[in-house]
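Here is the structure we will look at.
The values are calculated or read from the model by the stated rules, or taken from the named source; none is laboratory data. This structure is a prediction, so every number in the text was calculated from the model and none was measured. We place every Cβ from the backbone using ideal geometry, glycine too, and count neighbours over all the protein chains shown. With ligands, DNA and RNA removed, areas are computed over all heavy atoms of the protein, side chains included. Shrake-Rupley method; radii C 1.70, N 1.55, O 1.52, S 1.80 Å.
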Amino acid sequence: MTKFKDVFVIDDDKVFHFIIKKLFSKNNIDISPSFYLNGLEAIDDIKNKINLGVTLPDLILLDINMPIMDGWQFLDEFRKTKKDNGGQTIIYLVSSSDSTSDINKAKEYQDQIKDYFFKPMTLEDLKKIF
C-alpha cells in the first residue's frame, strides 16, 4: 500500500506521535516511523546515517514549532545535508500553526516541502500522502 519505507516524524508533541502510530496501524500502513522530539535530534541522526552509507528517509512529517531546533532551522540544515548526499525525501509540514506568516514562509521552502497539513492530522490527510 505504501511507497515509503523509511519515515521520520519530527515533532515535540508525543500525543502526535501516538496519533500517527494509530493512524498507520488502523489503515494497514506497515511502517515503523522513527520519532524525534526536535530538528536537531533528526538532523544528527540523518548525518550519522549518511556517514554509515545509509540513504536519507523517504518521507518526513515535520512540525514547525519545536524546542532546540525548529522546523525552519531543520529545513535549512537538511538542505545543506541533502546537497552532500542527494536522494529523494518528501517533506510535509504538519503544524498547529495557521498563522499567515508560517503559511507564507512555507512557500519559501517549496523546493523542499510538498504540502502543509494542519493538526490534528486526519485519515483524509494521510490518504493524500500514502
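Based on Cβ point charges of +1 for Lys and Arg and -1 for Asp and Glu, what charge dipole magnitude is obtained for the chain about its Cα centre, in debye rounded to the nearest 20? Write down the numbers at each step before the final one.
On the way: 18 positive and 21 negative charges, 90 e Å.
So the magnitude is around 440 debye.
The range 35-113 to the range 1-21: how many Å between their Cα centroids?
Going from one Cα centre to the other spans 13 Å.
Would you list, by chain and number, the aspartates and glutamates whose Cα falls below 14 Å from the Cα of Lys114, excluding same-chain residues fewer than 8 positions away?
Excluding near neighbours in sequence, the set is Asp58, Asp63, Asp125.
Ignoring ligands, DNA and RNA, what percent of the accessible area of the chain is carbon or sulfur (1.4 Å)? Walk me through the intermediate numbers first.
On the way: 3500 of 7200 Å².
Percent of accessible area from carbon and sulfur atoms in the chain: 49.
Computed from the mean reciprocal separation of all distinct C-alpha pairs, what Kirkwood hydrodynamic radius does the range 1-119 have, in Å? It would help to have the intermediate numbers written out before the result.
Numbers: mean 1/r = 0.0687 Å⁻¹.
Its Kirkwood hydrodynamic radius stands at 14.6 Å.
Considering the options Leu75, Leu62, Ser25, tell which one lies farthest towards the positive end of the dipole of the chain, charges being +1 on Lys and Arg and -1 on Asp and Glu at the Cβ, about the Cα centre.
Ser25
Answer rounded, prolate or oblate for the range 66-121, using the Cα gyration tensor with square roots of eigenvalues a ≥ b ≥ c: rounded when a/c is under 1.5, else prolate when a/b is larger than b/c, else oblate. Don't skip to the answer; put the middle values down first.
Numbers: a/c = 1.90, a/b = 1.65, b/c = 1.15.
Here the range 66-121 falls in the prolate category.
Can you tell me the relative contact order of the chain? Whole percent, Cα pairs under 8 Å, sequence separation 6 or more.
Working: 180 pairs, mean separation 32.3, N = 130.
Averaging sequence separation for qualifying contacts and normalising by length gives 25 percent for the chain.
Counting only trypsin sites (Lys or Arg not before Pro) that are in a DSSP loop and have at most 15 other C-beta atoms within 10 Å, tell me the longest site-free stretch of the chain.
Working: sites that count: Lys3, Lys5.
Free of exposed loop sites, the longest segment is 6-130.
Compare Gly39, Gly53, Gly71 in a GNM of the chain, Cα atoms joined below 10 Å, and give the one with the largest fluctuation.
Gly53
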